[in-house]
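Here's the structure we're looking at; comments come further down.
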Amino acid sequence: MERLINFIYEYRAFLTFLLLELSCSWLIIENNQYQSTKYFNSSNRLAANILGFSQGVREYFSLRTINEELSRENAVLRTDLERINQLRENYFPTDLDSSKADQYKFVSAKVIANSTNLYKNFITINKGAADGIMPGMAAISNDGAVGKVKSVSRNYSVLISLLNVDEQISCVIKRTNHFGSVRWDGLHQRYSNLLYIPRHATPVVGDTVITSGYNAVFPEGVMVGIIRAADLKKETNFWDIQIELSQDFGKLSFVNVIKSRLKNEKDSLEQLTIVGKK
């Protein structure tokens, strides 16, 4: 306390001058409209910048929560959109098949592990059996197809990525409606191959490739990629087609797992038919 008193006493002249300067400045601002307007505009701008910076910091640290909320909303919207599409396709004035209208439901999940530099890549998500996820279910993102569920624990699931040489999905060229299978060759994480497109087809660079819907795993029309190269050799019956995957797996953060209510029925019927033929 004594040191503080000594400091004030030693600099009493400067402190008095500073106090008088502040008082004069305040009187000028209070009694002159121009100076008052400039002062308050400047102070408001400074305060707004400080508040904006503070809000930006808060939003940055809350990005994870925001992304999770957006992912959940996307899953709900996808479910509603798929239901509307099914209603539109299957609606008859006297015979509405409600089971088809509710065929697909979506569960939002966060990616917690993801490999892209192996021949057989897998993705781990933070949802599992407790959320109704089972092996064989498909996973998509906002950009397109991602893969299928391989194994499940109570709270986690492992997906077979499309960047896996053992994985393939049924797809069609949207423009021509010719169908084939997309399978990765293990070379580049942004590109895959579209197989079994017959030589009488006419694929061109820029064509869109989407899921066919021929299995009950993926809904019809999910984006898979864009054709970037198409070549037809004389001795082959099928085109050599390279597509650029719509999903950049190096940036994958959230997925929507698709729960198909009709998958078990379809698989059982096909298995029964195949066994019956034998």
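Of T211, T236, T176, T202, all but one fail to be within 27 Å of N126 (Cα to Cα) and hydroxyl-bearing (S, T, Y); the exception is T211.
On inspection, Q242 fails the criterion of being surrounded by 14 or more Cβ atoms within 10 Å (Cβ to Cβ), closer than 19 Å to G147 by Cβ, in contact (Cβ under 8 Å) with a residue 12 or more places away in the chain and touching an Asp or Glu at 6+ places or on another chain (Cβ under 9 Å). Would you call A139 touching a Ser or Thr at 6+ places or on another chain (Cβ under 7 Å), buried (at least 21 other Cβ atoms within 10 Å of the Cβ) and under 23 Å from L195 (Cα atoms)? In short, no.
Restricting attention to the range 84-91, does a residue exist that is in a strand (DSSP E or B), at pLDDT below 90 and not charged (D, E, K, R)? No, the range 84-91 contains no residue that is in a strand (DSSP E or B), at pLDDT below 90 and not charged (D, E, K, R). The conditions of being at negative phi, in contact with a Pro (Cβ under 9 Å, 6 or more places away or on another chain) and surrounded by fewer than 22 Cβ atoms within 10 Å (Cβ to Cβ) are met by K150.
Sub-7 Å Cβ pairs linking a first residue in the range 185-205 that is touching a residue at least 24 places away in the same chain (Cβ under 8 Å) to a second residue that is loosely packed, with under 13 Cβ neighbours inside 10 Å and not in a strand (DSSP E or B), at least 6 apart or interchain, are G186/Y119; Q189/G250; N193/D185; P198/N237; R199/N237, ordered by first then second residue. A count restricted to the range 136-167 and to residues that are farther than 15 Å from M223 by Cα, part of a loop (DSSP other than H, G, I, E, B) and out of contact with any Gly (no Cβ under 7 Å at 6 or more places or on another chain) stands at 3. Selection of the range 99-135 for residues being among the hydrophobic types (A, V, I, L, M, F, W, C) and in a strand (DSSP E or B) yields F106, V107, A109, V111, I112, A113, F122, I123, I125. If only residues of the range 153-188 that are touching an Asp or Glu at 6+ places or on another chain (Cβ under 8 Å) and surrounded by 16 or more Cβ atoms within 10 Å (Cβ to Cβ) are counted, the one that is nearest to K251 (Cα to Cα) is S161.
The values are calculated or read from the model by the stated rules, or taken from the named source; none is laboratory data. What you see is a predicted model, and the numbers here were worked out from it, not measured in a lab. For neighbour counting, all protein chains shown are included, and Cβ atoms are generated from backbone atoms with ideal geometry for every residue, glycine included.
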